Amino acid sequence: MLIMILIFLIALLGLGLSQTHLLSVLLCLEMMMVSLYLGLGMVSISGLHYPLMIALVLLTFSACEASSGLALLVLISRSHGSDLLKSFNLS
Amino acid sequence: MSPYISPLFSITMIMSVMLISSSGHWVFMWLGLELGTLAFIPILVWWHSSLEVEATVKYFIVQAMAAAVFFLGGMVSLSGDFMGGVNQLMGNIGDMMIMLAVVTKLGLAPFHYWVVDVVQGLNYIPGAVLLTWQKVPGLAVLTQLATCNNSSMLLLFGMVSALVGGLGGLGQTQMRKLLAFSSISHLGWLVVGCVAGSLLGLSYFTLYVVLSIPLFSILHMLNGGHLNQLRTGLMFNPLMSVLLGVGFLSLGGLPPFFGFFGKWLLLTHFVGQLLLGVSVVLITGTLISLFYYLRVSYLCIVVLGPQQIMSGLNWRKMQLSGLMSGLLVLNMLGLFLVGGASCLPK
Amino acid sequence: MGALISHNYKAYFGEVDYTPDPESMPSFDPNYGFQEPREERVMVATQKEMADARVPMQLRDYCAHKYMAWMMCRRDHMPNLWACKHERHEWDQCEYDDWVHRMKEWERERRLLKRKQLKKSLEGEEE
Amino acid sequence: MAAVGRLGSAAIRSFLWRRTALLSSVRCLSKDEMPGPYPRTPEEWAAAAKKYGMRVEDYQPYPDDGTGYGDYPMLPEEGAESQDPWVDWDDNWHRRNYGDVPHVHSDAYTRQRVNPSQKYVVPWKKMIAALVGFLGFNGIMLYFGEMYKHMVPVAPKQYPFNNLYLEKGGDPDKAPEEEIKNYEFPKS
Amino acid sequence: MLELWGVLSLTSLGVMVIFLFSKIKSSFAESVKYAGYMNAVLLSILLMSDESEMLFLKWEWVKLGGYSLMISFRFDLYTCCFFVVGLYVTWNILMFSFYYMSTDPRIDLFCKYLGLFLIAMLLLVSAESLFQLLIGWEGVGIMSYLLISWWYARSDANTAALQAIFYNRVGDIGLLIMLMWSLVTLGDWSFTGLYALDFVNTFFLLGVVLAAAGKSAQLGLHPWLPAAMEGPTPVSSLLHSSTMVVAGVFLLIRFSPIILNHKEIQLMVFFLGTMTTLFSAICALAQNDMKKVVAFSTASQLGLMVTVVAGAGAPQLAFLHICMHAFFKAMLFMCSGGFIHGLQNEQDVRKMGGLHSAAPITSVCFFIGSAALMGVPFLAGFFSKDPIIEIININNLNSWAVGLVLIATSFTAAYSVRLLYFSVGGVSRMLVLQPMNEEYGNLIGPLQRLAYSSVIAGVVFIYFLSPNQISCLSLPLSLKLAAVFVTLVGGLIAWDVVNLLHREESVTNIPELAFEAQVGFYPLIMHKLIPKVWLNMGEMYQMQVMDRGWTELALPQGLGGNYKIMADNVVNAQTSLIKMYIAVMVMMGGLILGIMICL
């Protein structure tokens, strides 16, 4: 459980601190989601069973999120010409 | 994007809100929040302009991160409840994480940075939806979360956002950024209201929606992105411009208008619950924010921009003005209602 | 006027020791120095009569019955007030007598005070 | 609703036209004519004197004590009323010439208002002394007069019924503290 | 029967109000005249009737919570007599103003103002509650303002009107104190409720004294009275005789039962009255403006009234003096108005003289009025002034105050004789070819009527009104003649004063007379020196503390600067880089969680 939280935190820090591309941001998000998925599994190992159903829901929504993130990646690389986070400063 | 698909997204957004407000478990709240975000993203990129896309990306990243943190918090508290080996502290931390995630989703003060950029990138109508309707899920979660443990933290966030909302708008010349800061400031009031009593927060939120929707619509019609563009409004579209100025005065909380009575209602309850220091900070923030509200009103009502001989009134946009002026007149009339309500026993 | 000035002079400079104090005026026994006990002053009008006639407070003195008679006369002969000159004169005379009475009281007090002081000084000389 | 809006905009617009005409009639001093900061160096001093059209030795600004007059000259305090009425002034009503530097308080020193340079036959100190002396003397004498009262050589007036105990609002249930009886003098 | 009486009296007032809107200017004067006659008839009925001398008419007006506001009128002997006197005098003044203001284009409005002035005063007199008193009181105040500034194009008239309204406002504070006190402690504004109090509040009584002093121009609040001479002469006439200035004395008379129970306040009012009467008499001695002499004589007489209300405790005498004073003072003003009008608006007595040949009837009336003012036996003034002097003499009062009253009485004679000598008697010093003419019905008629009443009013009043205090008939001869004696002395002094003043220099140049001529330096010091001190101080604070300090250094530059720095920090955080945002948010969240864990 704690290891899972650690993975999550590493992903979060990676999201915040050392990214240059939008793609890696999306990857970090995916990593967070996966760690959560793992965590749910661990919780259900401990004897509680309904988190397994939640895990399915989580999986579905993370897939949706990832797909919309990728769509946005396509959009932004079309409008900005790159996916560098530093170039997102039009406003 | 095809306009015929928009009902799908809007219905989904409404569904998400209903899901949240009817759920008692954090997973469904998370579900609702995710649903709302995912349904809103296509609306944000409606016109595919680069500004919009950028704003949508920012919005997406922040919301996804917040959702993940939300889920983590829920899971931590779940495991704390379940395992018991991890002590009670973990459960509190789970609640705290959920709260932080929701606060991030709402854009309350220390986590407010994304709001300004996103609103600046959007058009007025999606911006209005973002600043009003998209707050409902977060607030619905927050009212359920505002327990004793977290209330002091929420009060702190509320105070900081009132101050930041006031200070941030001081030097702004961009209309949308200014509205974003204004919404941050109002959100501070609202959150403190939620802590003081959920019905108070709800009524203040309703007031904010009623006040800001006409403003966003009028600004959409005047198509003024910069403060300077408002100067000509008085010449081209005087009624609209004056209504805009009055609406901003009302938003700033000047007495004869509707906005004042909302603040008054909240303040009477704060003082009744001895939240004196909080009230002082909130009022200070609002006072600072009044500066830029007055500036907008000044530009709308008082300053007469450069005139051209051939420039007449833009009558074509007057069809909608009936609705807008009706709403603003409703604002003014509403003061009797709110004034009466504040006199009711608490 | 001259009499008043001389009185004032006497009261504060000439005869300071035995000038009566009007605030605490009858300081001696009323019968002191008289052969026979003095008669009490007669009040003719009763309290109820005066109250019914609404005599002003200042005038409810020993002449009130004459005042009431005058007022009755005035009421009866209203436009022709010369008809009441007799009553009016009687009341005035009564008030005049009252004034003289007050002067007498003052003089009695003054003389008794003077006599008291004289006696005291004689005693002092004997010692 | 649209009709209301149209009427409203027409009304606002006509109001605005009138007001712009009003605003345009306001005239301000130019930047060079405005008083500047307090002159520190002799050059600034001379420049300020020149600005106000005065000689350097006549020019004396107000002391820089925070009153905020800047380099405005300290002119003698003279009201318009005490100026000579028979001089052929440019402005006979205000009794001043064109180009005269007005006093800082010249709006208060017009005729019919304050005249700081009015000459009085009796000096102020004497006036105050006379008034205070009159009032004070009479006050002191009234104090002494209260000590030494006007003495009329008559006894207080005697009233029947225990000095009108009931009539003066005494308690009818309680007897008066001492019974007052008045006596006649024997007829001689 | 008496209810009918009160209703009829009020009806006459109502008819006057109706005629106020009439287009024909003389119809209002006629209505005042007939109202006066009617009230006189009603007064005589009242005197003949055996019933109560007091009558209240009450209607409930407003009911607020537990407190009901009543419209209530009080018709006692004071009210009735004053109605008659006031209406009679005002009728004459209205007729006079048809003569005096005949060239004024707004004479109709003028007459209406005069009528409103009178109606306000009558409301004041007949009021039974403090609220109605307030209505009359303020009505009198505002009408005096409008009338004094009748010639509003003259700055002097404006100044005088402003003085009047300001000084009266100071007095009104006293009235408001009375209202507030009685509302808070008593919950009732009626006089009967106030009389029935068994305790007396010093605060309330100080309000009474302040109000009376402001309205009746007692010492300290007196400068508006001579300044009010800037108004037209009919206004001065009405203001000084039957309305306005006697309102204060009337207030004292109404509250005399309370005041006489409070020793300190009684003493205070007594001293105030004596000082006023002396001070005004001294000031009147050296005035050269004809109307100002008369005005100061009014102030002096008002002081005498106040003195006798409080000092001797004889409000009836004060009221008698009000009535008598109304007759001859109105006539004096009308006579001086006639002179001034005839001499082409020349008010300086040094430029008059010998008017007895130019305007014999006016001069005779002027002489009668002055004689009545002096208290020459068997004229109107004698019957009120003589008892006042006597009653002050036979009580054990403050000896210096008694002396002051006597001196002031002698001064009355002095300035009256001086005025007569300068204007009516002596040689003519006026400009040649003055078209002096008094052959106007509207001048002669009122003058004659008032002259007759000045002669006989005293007898009539003494004859018909029953005495309410100890008669002073039983006095030694020397005391009895005290008033006449001091008047004679004053008349002799007057010759000396005349000789002193009859020089070529201006009066202000004679140092020993400057005090008198400059009205005791009071207006100079109060209106020039003290405001100067205050204004200098205000300039310092306004310039240094407010303009340069608070509104510049402290707030816009200090607080505003701080806010600007803070706003810069907030806005600079908006770097528009999503990476920075997320980093900050993550760190902030970590910090908050860390704090939570540590706690």
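Taken together, the values in this text are just the output of simple stated rules run on the coordinates, not laboratory data. All of these numbers come straight from a predicted model, not from anything done at the bench. Virtual Cβ from ideal backbone geometry, glycine too; neighbours counted across all protein chains shown.
Would you please state the base-10 log of I(q)/I(0) at q = 0.13, 0.14, 0.18 1/Å for the range E:280-436, with intensities from the Debye formula using one equal scatterer on every alpha carbon? Scattering profile of the range E:280-436, log10 relative to I(0): -0.58, -0.66, -0.99. So, R0 is 60 Å and r is the distance between the beta-carbons of B:Thr268 and A:His21; what FRET efficiency does that work out to, to 0.05? Step by step, r from the Cβ atoms, then E = 0.70. Binning the C-alpha pair distances of chain E at 10 Å intervals from 0 yields a P(r) profile of 3, 16, 25, 24, 13, 6, 4, 3, 3, 2, 1, 0 %, listed from the shortest bin outward. For the range E:84-195, a/c is not less than 1.5, where a ≥ b ≥ c are the root eigenvalues of the C-alpha gyration tensor, and a/b does not top b/c. That puts it in the oblate class.
Taking each of B:Lys105/B:Lys177; B:Lys105/E:Lys564; C:Lys119/D:Lys187; C:Lys120/D:Lys157 in turn, the alpha-carbon distance tops 22 angstrom for B:Lys105/E:Lys564; C:Lys119/D:Lys187; C:Lys120/D:Lys157. Return the lysines within reach of E:Lys528: Cα separation strictly under 28 angstrom, same-chain partners fewer than 8 residues apart disregarded; answer none if there are no such residues. Correct list for E:Lys528: D:Lys119, D:Lys125, D:Lys126, E:Lys215, E:Lys291, E:Lys292.
Mean partner shielding of peptide B:170-177, defined as the number of other chain Cβ atoms within 10 Å of each residue Cβ, is 3.
What full-extension length gain, to one decimal in nm, is calculated for E:Asn201 and E:Val62 as 0.36 nm per residue of separation minus the Cα-Cα distance? Walk me through the numbers on the way to the answer.
On the way: separation 139, 0.36 × 139 = 50.04 nm, distance 2.74 nm.
Extra length available between E:Asn201 and E:Val62 comes to 47.3 nm.
For a paramagnetic label modelled on B:Met18 (point 7 Å from Cα along Cα→Cβ), amide N atoms under 12 Å away are absent within the range B:129-145. Summing charges over neighbours of C:Met50, with a neighbour being any other residue whose Cβ is under 11 Å away from its Cβ, gives -1 when K and R count +1 and D and E count -1. In a simple Cβ point-charge model (Lys, Arg +1; Asp, Glu -1; nothing else charged), the protein assembly as shown has a dipole of about 3200 debye relative to its Cα centre.
Taking square-rooted eigenvalues a ≥ b ≥ c of the alpha carbon gyration tensor, is the range A:2-77 rounded, prolate or oblate, where a/c under 1.5 means rounded and, failing that, a/b exceeding b/c means prolate? Numbers along the way, then the final one.
Numbers: a/c = 5.74, a/b = 1.61, b/c = 3.57.
It comes out oblate by the Cα gyration axes.
Taking chymotrypsin sites (Phe, Trp or Tyr not before Pro) across the range E:267-303, none is in a DSSP loop with at most 13 further Cβ atoms lying within 10 angstrom of its Cβ. For the pair B:Asn228 and B:Tyr4, label points projected 7 Å from Cα toward Cβ lie 4.4 nm apart. When Lys and Arg each count +1 and Asp and Glu each count -1, what net charge do the other residues less than 10 Å away from D:Pro35, Cβ to Cβ, add up to? Summing Lys/Arg as +1 and Asp/Glu as -1 gives -1. Simple spin-label estimate for C:Ile5 and E:Met537 gives 4.7 nm between the two label positions (7 Å along the Cα-to-Cβ direction from each Cα).
Provide the net charge surrounding D:Pro186, with neighbours chosen by a C-beta distance below 13 Å and charges set as Lys +1, Arg +1, Asp -1, Glu -1.
On the way: positive: C:Arg38, C:Arg41, C:Lys104, C:Arg108, D:Lys187; negative: C:Glu36, C:Glu39, C:Glu40, D:Glu184.
With Lys, Arg at +1 and Asp, Glu at -1, the neighbours total +1.
At a temperature of 37 °C and a viscosity of 0.692 mPa s, determine how fast the range E:395-454 diffuses translationally according to Stokes-Einstein, using the Kirkwood radius over alpha-carbon pairs as Rh; express D in µm²/s, rounded to the nearest whole number.
On the way: Rh = 15.4 Å.
Stokes-Einstein gives a translational diffusion coefficient of 213 µm²/s.
Straight-line cross-link partners of E:Lys23 among the aspartates and glutamates, defined as a Cα under 17 Å from its Cα and at least 8 positions apart when in the same chain: E:Asp104, E:Asp108. Label-point separation (nm) for E:Val17 and D:Phe144, each offset 7 Å from Cα along Cα-to-Cβ? Reported label-point gap for E:Val17 and D:Phe144 is 5.6 nm.
Quick one: work out Rg over Rh on the C-alpha atoms of the range E:132-246, Rh as Kirkwood radius. Let's see the in-between values first.
Values: Rg = 15.6 Å, Rh = 14.8 Å.
Computed over Cα atoms, the ratio is 1.05.
Distance from the Cα centroid of the range B:112-170 to that of the range B:178-202 is 7 Å (rounded to whole angstrom).
Near the amide H of E:Met70, within less than 5 Å, lie the amide hydrogens of E:Trp61, all on another chain or at least 5 residues away, with H placed in the peptide plane. Loop-resident chymotrypsin sites (Phe, Trp or Tyr not before Pro) (DSSP state other than H, G, I, E or B) in the range B:1-86 with no more than 16 further Cβ atoms inside 10 Å of their Cβ: B:Trp47.
Per residue, the Cα convex hull of the range E:545-598 amounts to 79 Å³.
Hey, can you rank E:9-22, D:132-145 by average C-beta count inside 10 Å, highest first?
Details: E:9-22: 16.3, D:132-145: 14.6.
Going from most to least packed, we get E:9-22, D:132-145.
Our estimate of slack between E:Ile71 and E:Leu465, defined as 0.36 nm per intervening residue step minus the Cα-Cα distance, is 139.0 nm.
By the gyration tensor of its Cα atoms, with a ≥ b ≥ c the square roots of the eigenvalues, what is the shape of the range E:1-124: rounded for a/c under 1.5, prolate for a/b over b/c, or oblate? If you can, show how the numbers build up before the last one.
On the way: a/c = 2.78, a/b = 1.53, b/c = 1.82.
Because a/c hits 1.5 or more and a/b fails to exceed b/c, the range E:1-124 counts as oblate.
Find how many whole Å separate the alpha carbon centroid of the range B:6-40 from the alpha carbon centroid of the range E:545-578. If you average the Cα positions of each part, the centres end up 42 Å apart. Across all C-alpha atoms in the protein assembly as shown, the radius of gyration and Dmax reach 45.9, 141 Å.
Note that the range D:124-131 has calculated 3J(HN,Hα) couplings of 4, 4, 5, 4, 4, 4, 5, 5 Hz, one per residue in order, obtained from phi through the Karplus relation 6.51 cos²θ - 1.76 cosθ + 1.60 (θ = phi - 60°); glycine and proline are x.
Sorted from largest to smallest, which semi-axis lengths in Å does the alpha carbon gyration tensor of the range C:43-126 give for its equivalent ellipsoid, taking the root of 5 times each eigenvalue?
Details: eigenvalues 367, 40, 9 Å².
After diagonalising the Cα gyration tensor, the semi-axes are 43, 14, 7 Å.
In terms of packing, defined here as the mean over residues of other Cβ atoms within 10 angstrom, the peptides B:187-198, C:75-86, E:420-431 line up highest first as B:187-198, E:420-431, C:75-86. Students often forget the sequence filter, so: which lysines lie under 18 Å Cα-Cα from C:Lys85 once same-chain residues fewer than 8 apart are removed? Partners found: C:Lys66. Sort out for me the Cα centre separation of the range D:87-117 from the range C:1-47, rounded to whole Å. A separation of 74 Å, based on Cα centres.
Tell me, E:Val200, B:Val242, E:Val269 in order of fewest to most beta-carbon neighbours within 10 Å?
Details: E:Val200 15, B:Val242 20, E:Val269 26.
Ascending number of Cβ neighbours within 10 Å: E:Val200, B:Val242, E:Val269.
Scanning residues 5 or more positions from E:Ser190 or on other chains, those with amide H under 5 Å from its amide H are E:Leu130, with H placed 1.01 Å from N in the peptide plane.
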